[in-house]
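Please read the structure below before turning to the comments.
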Amino acid sequence: MKSVLKALVVPLVSVFAFGANAQDKVRTPAGEAENVGWSSVICSGNPFQCSTLKASGQLFAESGQNKVVLISHGSQGVDARMYDYVKDLRKAGFAALVIDHWTPRGVSTTHNDYVEAARKGANETNIAFDSMTAAEWLRSTRGFRKVGSIGESQGGAAAIILAQKWPFQFLERNMERLYQGSRFAASPLDAVVGLYGFCGFRNTGRDAYVTTPFLFITGSEDDSTPSRYCESYVPYMNSRGGNARIVILEGEGHSFDAPYRRYRNQSGPQYAKCNIVVEKDHVINVNTGARIDGQNSAPLFERCKGRGYQTGHGKDRFIAVPHWISFFKETLK
């Protein structure tokens, strides 16, 4: 994965990065940021078909900083909690990059129809691709030595993909094909946090993990992305090369750090009853025993899809901050 020679850095920068200038400065709830862009991919279909994409985000950085944390939103897109993350990261001495995964793909939200959104490339895998390309851009053009990532909800599910091995070769191959004339090397991130992401999917024939330190943070009362799936995912992940741990927040539900009080979303689809495992020649829902031949998990996900779940913060929407800030301080040294 790190086979690209240092001499190739210059052509990488010219092909895969987009510069920023004075007029790209913007005021945000977390202070002044720099609007930035870099080359990524948009992939959809089965099998995946990929095309070029100019990814975008807001970079919060001071001169001389060499540690940065990527921030990935959930299904709702960029909201106030992303800027809250920035504030806490900056207090702790980290630069931050808020990535807008949906707008470049022509999507505003995904939680009303995840399947339709995925057809436009707005899903967990594409979130991971944006994060991986952003990490390489920050290393090669901005000189960051350590790159971490934090994602919430759908971004928390994408965090798992960042720790898997298969996306690196897939991304390298497609970046070099789409952006002809230059080499691209995707390297693992240095630390990853997944907040209340979905852990109810495994592919036993494919799943293998890098040793990047990984922290799951979930709520014990989450009825959309249940914490019990992440509890069992940690030993599964670690048995296949991973380096994961978990914090379960008692009494907390989904989106425990959202900028709104907890309420019941009556209509939103959720997959709390889905615990899907893809085996060599079949797919099974461990919860129900439902099984189909082949490796297409979509029909089983459709069967176990539910409606309605609790979402929003309780008494303290910043309850998880000390956990993930201390994790980044420990791992991004």
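The values are calculated or read from the model by the stated rules, or taken from the named source; none is laboratory data. Computed from a predicted structure; not experimentally measured. Every residue, glycine among them, receives a Cβ derived from its backbone with ideal geometry; neighbour counts consider all protein chains shown.
Examine the stretch 231-253 for a residue that is more than 29 Å from residue 319 (Cα to Cα), of a type outside the set (S, T, N, Q), under 17 Å from the mean Cα position of the chain (by Cα) and buried (at least 17 other Cβ atoms within 10 Å of the Cβ), and state whether such a residue exists.
As a first pass, look at the stretch 231-253 and keep what is more than 29 Å from residue 319 (Cα to Cα): 239-241.
Filter again for of a type outside the set (S, T, N, Q), leaving 240-241.
If we keep only those that are under 17 Å from the mean Cα position of the chain (by Cα) as well, we get none.
Scanning the stretch 231-253 turns up no residue that is more than 29 Å from residue 319 (Cα to Cα), of a type outside the set (S, T, N, Q), under 17 Å from the mean Cα position of the chain (by Cα) and buried (at least 17 other Cβ atoms within 10 Å of the Cβ).
Given the conditions (1) in contact (Cβ under 8 Å) with a residue 12 or more places away in the chain; (2) on the phi < 0 side of the Ramachandran plot, which single one is not true for residue 180?
The one condition residue 180 does not meet is (1).
Looking at 205, 181, 194, which one is part of a loop (DSSP other than H, G, I, E, B) and more than 16 Å from residue 39 (Cα to Cα)?
Working: 181 fails: more than 16 Å from residue 39 (Cα to Cα); 194 fails: part of a loop (DSSP other than H, G, I, E, B).
Answer to the selection: 205.
Collect the residues in the stretch 291-314 that are touching a Gly at 6+ places or on another chain (Cβ under 9 Å) and among the basic types (Lys, Arg), keeping them in residue-number order.
307
For the stretch 35-143, give me every one of the strands (runs of 3 or more DSSP E) that falls completely inside it and has 1 or more residues that are in contact with a Ser or Thr (Cβ under 7 Å, 6 or more places away or on another chain) and basic (Lys, Arg).
On the way: elements: 49-60, 67-72, 95-100.
Filter on the stretch 35-143 gives 49-60.
Of all residues in the stretch 275-317, count the ones that are over 20 Å from residue 198 (Cα atoms) and surrounded by fewer than 15 Cβ atoms within 10 Å (Cβ to Cβ).
Final tally of qualifying residues: 8.
Where the second residue is in a loop (DSSP other than H, G, I, E, B) and at pLDDT 95 or above and the first is within 10 Å of residue 154 (Cβ to Cβ) and of a type outside the set (Gly, Ala, Ser) and lies in the stretch 117-130, which pairs have Cβ atoms under 9 Å and are six or more apart or on separate chains?
Close Cβ pairs satisfying both conditions: 123/110; 124/197; 124/198; 127/73; 127/101.
Counting just the residues of the stretch 279-302 that are more than 13 Å from residue 205 (Cα to Cα) and among the acidic types (Asp, Glu), which one comes out modelled with the lowest pLDDT?
302
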